[in-house]
Amino acid sequence: MADKVLIVDDDAQIRDLLARVLTKNGFEAITAANGVEALVREKSDDPALVLLDLMLPDIDGVEVCRRLRKRTTKPIIMLTAKGDEIDIVVGLEVGADDYVTKPFKTRELLARVRAQLRRTKEYAQAAEEGELLDFGELQIDAARHEVKVRGEVQRFTPKEFDLLHLLAKNERRMMLREVLLETIWGYDSSIDSRTLDVHIGRVRAKIERDPRNPQMIITVPSVGYKFQAPEPEEDDDGAPPKQED
């Protein structure tokens, strides 16, 4: 059965173009011309992935993405005509998995769609194994897709979770940017993306005591990132907290 892709764009020419390209390449394309229609079609047609334009005439793409993330973890790729960094960051912050800037090459768009769907299926299978990573104040439960930070459950988007999980599984190993992009997003080195950096910042904001001075996700300049388990918090007298028997 062909994967369904929901195309959300107020430009009829772009909708038609994307629908033709996706259909020709083995997908089932469904379309929506505005935010309200997008929310209805996503619920009724249950697509595997959403291509979501940032600029829509009623509810903008950021708000549509925010509402979708409250009920689904399926991949969302933002489409934006703006090259402005802040638009990209805002879209990723509310839960988009990636972005494509217009005008885009259909070959690259198809590569991103296929990569997102492939990685989503692979990570769903891995989650069934029920792996639990426990680092004291940070716990990562793959089966529940849940992260606890100092005892509190934190909400993670699918790609934020996958990124943290991969880094934590490879504790103290330096992970190349290219490897992270290929493993989490399925992208080869020919695809240049700021997505990784934005997601790293979002994960740090949720797990680090001081995101401006990260102690768990460490940057290896110009190369990549590595994860190291958090150090125990100290009591007021400077000593680590005592463990209860």
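The values are calculated or read from the model by the stated rules, or taken from the named source; none is laboratory data. What you see is a predicted model, and the numbers here were worked out from it, not measured in a lab. Cβ sites come from the backbone with ideal geometry, for glycine too, and all protein chains shown count toward neighbours.
Quick look at the values:
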quantity	calculated
Sole residue being surrounded by 16 or more Cβ atoms within 10 Å (Cβ to Cβ) and either of a type in the set (A, V, I, L, M) or modelled with pLDDT under 85 (or both), chosen from Ala142, Ala124	Ala142
Test: residue in region 189-208 that is modelled with pLDDT under 90 and in contact with a Pro (Cβ under 7 Å, 6 or more places away or on another chain)	no
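Yes/no per residue for (1) part of a helix (DSSP H, G or I); (2) within 26 Å of Glu108 (Cβ to Cβ); (3) under 17 Å from the mean Cα position of the chain (by Cα); (4) of a type outside the set (A, V, I, L, M, F, W, C):
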{"position": "Val147", "(1), (2), (3), (4)": "no, no, yes, no"}
{"position": "Asp162", "(1), (2), (3), (4)": "yes, yes, yes, yes"}
{"position": "Glu171", "(1), (2), (3), (4)": "no, no, no, yes"}
{"position": "Glu182", "(1), (2), (3), (4)": "yes, yes, yes, yes"}
{"position": "Tyr187", "(1), (2), (3), (4)": "no, yes, yes, yes"}
{"position": "Leu196", "(1), (2), (3), (4)": "yes, yes, yes, no"}
{"position": "Arg202", "(1), (2), (3), (4)": "yes, yes, yes, yes"}
{"position": "Ala205", "(1), (2), (3), (4)": "yes, no, yes, no"}
